[in-house]
Every structure is written in structure tokens, then in C-alpha cells.
Amino acid sequence: MDYEFLRQEGIRQLERITGGQWTDFNAHDPGITLLEQLCYALSDLGYRAGYEIPDLLADGGDDPYRSLHLPAEILTSHPVTLADLRRLVLDVEGVKNAWVEPATAGAPELYYLPVEQELRLAPKDVASEPVHLRGLHRVLIEASEHSQGTPVRARVARRLHKNRPLCEDFAEITVLEPQLIQVEATVEITPVDDPAALLNEIGRAIADEIAPPVRFATLSQRLGAGASVEAMFEGPRLDRGFLSDEVLARATRRTVIHTSDLMRAITDIAAVRAVSRIRVSAGGAKEEWSLRVDPDRVPKMNFDASVITLMSAGRVIAQAKPERAPDAPWGAGDSALEVPVGRNRNVGAYTSVRQHLPMLYGVGEAGLPDSATPARKAQARQLAAYLMFFDQLLANAFAQLAHVKDLFSHVGGTRTYFTQALDQPGLRLDEIRALDDAHRTRLGDLVETADEVDSLERKNRFLNHLLARFAEPIAGHDAASAPIPPAERVRRKQRLLQRYPRISSARGTGFDGLAPAGPANMSGLEERLRVTLGLDGGEEIAVVEHILLRPMPGDEAQERPGPTDAPTDRPPALLSAAREKDPYSLRLTFVLPDGVGRFSDPAFKQLVENTLRAETPAHLTPYVLWMAAGAWAAFRRAHEQWLQKRRAVLAATLGVHLEERSS
């Protein structure tokens with residue numbers, strides 16, 4: 001707001017309003033003096049409105065990011081792809097490398113009998129069709145040099161099950177035993193000052209080629225390499241830094257050791273001229289071309305049994321066992337993106353226009369001399385009261401700017417218009433009005449009341465703006481028979497925004513099978529649905545992932561004839577009247593209690609079903625099952641018992657101590 005423009009516009013309006021009654025618009029006219037002071041105050045307001053956004057949000061010393069989620073929180077997500085799961089495992093202490101791949105065979109095997117429409121654990125005849133379950137993963141781990149396999153496996157299991165994708169599970173988590181590889185190499189080199197250091201460098205290059213290490217990058221390294229912020233924070237949030245797709249692609253699991261690959265790694269070293277001879281062995285015959293690795297083990301260079309010979313000009317310069325490199329220290333990398341720091345500019349501070357008027361007006365802090373006549377003092381007080389209308393409007397405008405942080409906030413109340421009382425003791429304002437809590441309340445109520453519908457609608461629009469930044473729909477989840485009151489809509493949007501990093505990133509994540517069952521342990525999808533639908537009271541929802549109901553090792557006994565069964569008797573099928581060949585893969589069922597709260601309203605039930613299907617990830621098939629009160633109570637008891645028993649079996653299988661996990 002330009003001062004000169006405001007002054008000219010003010011004079012133009014005065015000419016229009018007063019007609020020929022006011023003709024002197026020069027600077028010496030008291031009315032023009034008042035106009036100029038008001039224009040100055042408005043230009044100051046415009047100047048402050050141009051402060052940097054972090055400064056406006058930090059007014060009063062507040063955290064400018066209290067309602068703005070930081071990049072590492074909002075740009076990352078829980079694992080979605082196999083590469084995401086691999087990154088998560090590599091981020092666990094004690095893991096050197098890891099691979100996550102689809103489990104191609106289940107345990108136990110499952111067969112579909114199309115004639116009987118049954119699922120069994122053993123085929124009946126040639127018509128029996130094997131069922132290949134999808135969504136099961138095999139996790140293979142290469143532990144670090146001095147890490148114990150069992151604790152590493154337990155840490156990996158905890159991390160994976162806490163971030164398990166919805167309708168997916170881990171069929172196997174295995175720490176691979178190393179297969180020691182001996183290397184004999186003769187290398188031609190150029191003259192060097194330190195042959196021993198070069199020999200160790202060659203040995204470590206060979207070791208890295210046999211078992212490629214995974215090196216995390218820091219934030220500064222990724223930015224320096226030209227990576228975008230969006231690309232860096234794609235996928236799960238890691239403690240140790242960043243892993244690019246290129247790093248993962250290079251760190252593949254070796255199934256065959258080719259000597260040509262080892263030669264290339266050696267010749268990449270600047271002081272190496274050529275590799276005269278190289279042979280590899282796993283303790284048996286020494287191979288000059290290639291060596292196949294045991295499929296259930298991971299190759300690792302045997303430094304103690306390997307020998308490297310350095311040659312130069314036909315003579316041996318050095319011959320020794322290379323020394324292994326020390327393990328890189330495990331620690332957190334710098335992954336916090338620097339954000340602009342907000343300064344408290346005290347934008348709401350307002351100084352009355354009376355402070356800037358000439359002293360002869362008698363309305364400033366100096367006032368009038370004691371010798372002034374009563375009439376003169378009354379005139380000054382009358383002018384002060386007249387100016388208070390302008391002062392209060394301006395003070396409110398400055399207060400509104402100071403509360404930008406509250407307008408665009410998902411915490412706090414619903415107020416959208418703000419006021420402040422003029423409190424400048426030197427101006428003797430108490431002679432005009434009382435300054436107490438009642439006055440401050442009156443000021444607030446004049447512009448907005450807490451339960452005012454228009455106020456709530458304005459707050460909803462501000463929250464809509466914040467939701468739109470995340471491409472979230474702003475329409476409420478209303479049923480035609482039960483529209484959501486504005487105050488409730490505000491509450492739901494605030495809850496959604498407050499929990500958005502979790503609700504957004506974990507939308508496709510299941511519950512943690514190693515954590516105790518309860519309200520604190522639910523799938524990200526269930527948590528999101530509870531917030532968006534505003535479920536409360538007895539309005540519950542249970543998400544059942546079919547893949548977790550699949551046959552487990554030990555279930556084979558269910559289909560073995562008992563000691564009293566006739567030889568021709570066939571035990572009951574694992575699943576009878578199967579509607580499809582594979583009822584487990586990528587399927588889930590929402591179970592809800594019928595007739596509870598709003599669940600008794602058919603329109604709201606239809607809204608719930610539509611929302612469940614719309615919010616379910618597109619690659620999953622959802623089913624909805626409504627249960628009467630008795631059936632619901634029985635289901636909840638059985639479901640809770642199943643969760644507890646499954647947790648105990650899972651922990652025993654993976655070597656996880658439940659006491660540690662529960663603490």
C-alpha cells in the first residue's frame with residue numbers, strides 16, 4: 001500500500017463526499033493532517049504484510065512450523081515397493097547388505113480343487129491346481145563383520161513388521177551364512193611410494209566386488225549430486241541418510257564370481273597397469289574364469305587365505321595378505337533439510353495515530369498545559385474519542401496480521417477475526433473507555449462470536465486451503481440424512497491435518513504383528529478411515545487382511561486322518577465352498593458392528609461403504625461385512641485371541657523378545 005496513492009485516493013474521496021463544503025486540501029489543513037497520519041499507518045501495515053512468511057508465522061516467538069510438516073515428515077512414506085523394504089532393512093544396525101524378493105513357494109503348499117471347490121494342503125488328483133500366493137516376501141540379510149546373526153534378524157523383523165505393507169507379509173527372514181572366497185592375484189604396477197598401501201587397496205577393491213557394500217549418502221552429498229528434494233525424500237525415512245536407486249542397483253547379490261569382474265575392479269586403480277593372473281576358490285579347486293556361489297550363502301572375501309603379488313619391471317615388489325578395511329561406524333546421517341528461520345517481528349504492535357500528530361492538537365502524551373481552558377480540554381478529549389474509532393480499526397488490522405499463524409493453523413480454536421485493545425497509558429485512554437476483560441471480550445464479540453456459523457465456515461475454508469496443499473478432498477463425509485455440523489467438520493479437518501504425516505504415509509501399511517494389539521496398533525488405512533469418517537463411541541471398524549489367514553507351518557496336521565478314521569475317510573478341507581482359487585492374496589475385509597450409533601442409518605452405512613472402497617489402495621480388493629451385536633462381540637473376542645496367539649508364534653519364530661517389544 002503506497003502512501004502517496006493512499007493520500008491521493010483519500011483526498012479524491014473527500015472531494016466526492018463533501019462537495020463544495022471542504023475546499024482546502026493543503027497540508028496545513030487539520031483534516032488533511034489526520035488523513036496523512038492514517039495513510040502512514042496503513043502503509044506501515046502494508047509494509048509489515050510484506051514480511052517473509054516464516055517471520056509472520058513466528059510472531060510472538062512461536063514456532064513457524066507448528067502447522068507445517070517438515071520435508072522429512074511429509075515427503076517420505078512407509079514402504080510401498082520391494083526397493084523401499086530393502087532400504088528399510090539396510091537402515092538397521094548390523095546389516096551390511098540385504099535383498100527383498102517375492103517368495104515363490106509357500107510353506108505349506110496350497111492346492112485348489114475346482115470340482116469340490118475346496119482348498120487343501122495336499123493335491124487330490126491331476127485336476128488339483130497349486131495356489132501361488134502373492135504379497136509374500138523373502139528377506140535375505142548379509143550381516144556386518146562383527147554382528148551376531150540372531151540379534152540382527154530380530155532387529156530387522158521388528159523394523160519390517162512395524163512398516164509391513166497392507167495385505168503383505170514376510171514368509172522368510174534369513175541371515176545368510178558367508179561363503180569365504182580365496183583370491184590369488186598377480187598384478188603389474190607402476191612405481192609407487194607405498195606398495196603395502198596399494199596392496200591393501202587392491203584387496204579391498206576385490207572384496208567390494210565380491211560383496212558390494214551399500215554406502216549411505218548425506219543430504220549435502222545428494223544435493224551436490226544434483227538430486228531434487230522430492231526424489232531424495234521418496235520412500236521411507238531412514239536414520240542413516242539416503243540410498244539412491246543407483247546405489248541399490250550396484251549392490252546386487254553375487255551368485256557367480258567372474259574373474260573378469262575382479263580384474264576390472266583392480267585395473268580401475270590408478271597405479272595398476274595389468275593383472276597377470278587371478279584365481280578364485282571357495283576352499284576347493286582354484287578357478288581361473290568363474291566360481292559359482294552357494295545359493296543359500298553370501299560370498300565374502302577371505303582376507304586371511306588370499307595372497308596378492310605386486311610386480312614391477314619383472315620383479316616382485318610385494319607379496320602379502322591384504323588387510324581388511326575397518327567397519328564403517330554406524331550412525332545417523334544428516335537428513336534434515338534446512339528450512340528458513342522465522343524472526344519475531346512483533347507485527348501486531350500498533351502505535352496510535354495520536355502519537356504522530358502535532359503537539360498543539362493536545363491529544364499526544366504531552367497533552368495540554370494546565371493553563372488550557374476547560375473548553376480547550378474538552379475539544380482535545382472529543383478529538384481523541386473521534387480518533388479512537390480509527391485507532392481501533394487499525395489496531396484490529398494489525399492484530400489480524402499478527403494472527404496469520406492462527407488462520408493457517410490446524411491447532412487451537414476456530415476464531416478467524418482478531419482484535420486487540422488499545423493499551424497506551426501515556427494517552428490517558430481510560431478517560432474515554434474502561435480497559436478490562438469485559439472490554440476485550442466486547443471487542444472480540446463485535447467482530448466474531450465463537451459459535452457463529454459464518455466464523456466456522458471461514459475456518460473451514462482456511463483448513464480447506466491446508467488440505468488442498470496435500471491434494472486432499474475438501475468435501476465432508478456427509479450422509480444425506482445426517483449432514484456434519486460446521487464445528488464437527490472443523491474438528492475432523494484439524495485432526496486429519498495434525499496426524500497427516502502418519503495418515504498419509506501409512507495409508508498402505510498394515511498393523512504391527514509384533515506389537516500388542518490395541519488402539520495404538522492399527523493399520524494406517526484404519527486410522528485414516530476413523531479420522532475421515534469421524535467414528536466415535538461404539539462405531540468401530542476392524543480390518544482383516546486375508547494374507548495373514550493363510551496356512552502356516554504346522555497346519556499340515558489338520559488334513560491327516562486321525563487314529564480312529566477309516567482309511568477312506570478324508571479330513572475336512574482347509575476351506576470349503578471356496579468362491580475363488582486364491583482368497584488370500586491382496587484382499588481384505590472391513591468388519592463393522594451393525595446398528596451401532598450412526599451405523600443404524602442406511603444412508604450413513606452406504607456412505608461408509610463408499611468411503612471404505614474409495615480409500616482402499618487400488619491394487620487391493622476390499623469386502624465389507626456388517627455384523628449384528630452378538631456376532632460382532634464373538635468376532636472381537638476371537639479376533640483378539642488370534643492376534644495374541646499369532647504375535648506369540650511370530651515372535652518365537654523370529655527370535656523377538658515380546659517383553660522388549662512391549663516396553
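Values quoted throughout were computed directly from the atomic coordinates according to the rules given, and no laboratory measurement underlies them. Since this is a predicted model, take the numbers as computed values, not measurements. A quick note on method: Cβ atoms are made from the backbone with ideal geometry, for glycine too, and the neighbour counts reach across all protein chains shown.
Side notes on the structure shown:
- Based on Cα atoms of the stretch 142-213, Rg over Rh with Rh as the Kirkwood radius reads 1.20.
- Nearest-ten-degree value, helix 486-498 long axis tilted from longest Cα axis of the chain: 50
- Using a cutoff of 8 angstrom between alpha carbon atoms and counting only pairs six or more residues apart, the relative contact order for the stretch 506-662 works out to 28 percent.
- Histogrammed with a bin width of 5 Å, the alpha carbon distances of the stretch 262-325 distribute as 3, 13, 21, 27, 20, 10, 4, 1, 0 percent, first bin at zero.
- Scalar couplings 3J(HN,Hα) for the stretch 150-166, obtained by applying the Karplus form with A = 6.51, B = -1.76, C = 1.60 to θ = phi - 60°, are 5, x, 5, 4, 5, 5, 5, 4, 4, 5, 5, 6, 6, 10, 5, x, 4 Hz; x denotes Gly and Pro.
- Given the choices (1) 27.5; (2) 32.1; (3) 41.1, Kirkwood radius over Cα pairs in Å derived from the coordinates of this structure is entry (2).
- When +1 charges are put on Lys and Arg Cβ atoms and -1 charges on Asp and Glu Cβ atoms, the dipole computed for the chain relative to its Cα centre reaches about 580 debye.
- The chain: relative contact order as a whole-number percent, Cα under 8 Å and 6+ apart: 17
- Prolate/oblate/rounded call for the stretch 333-462, Cα gyration tensor, a/c under 1.5 rounded: oblate
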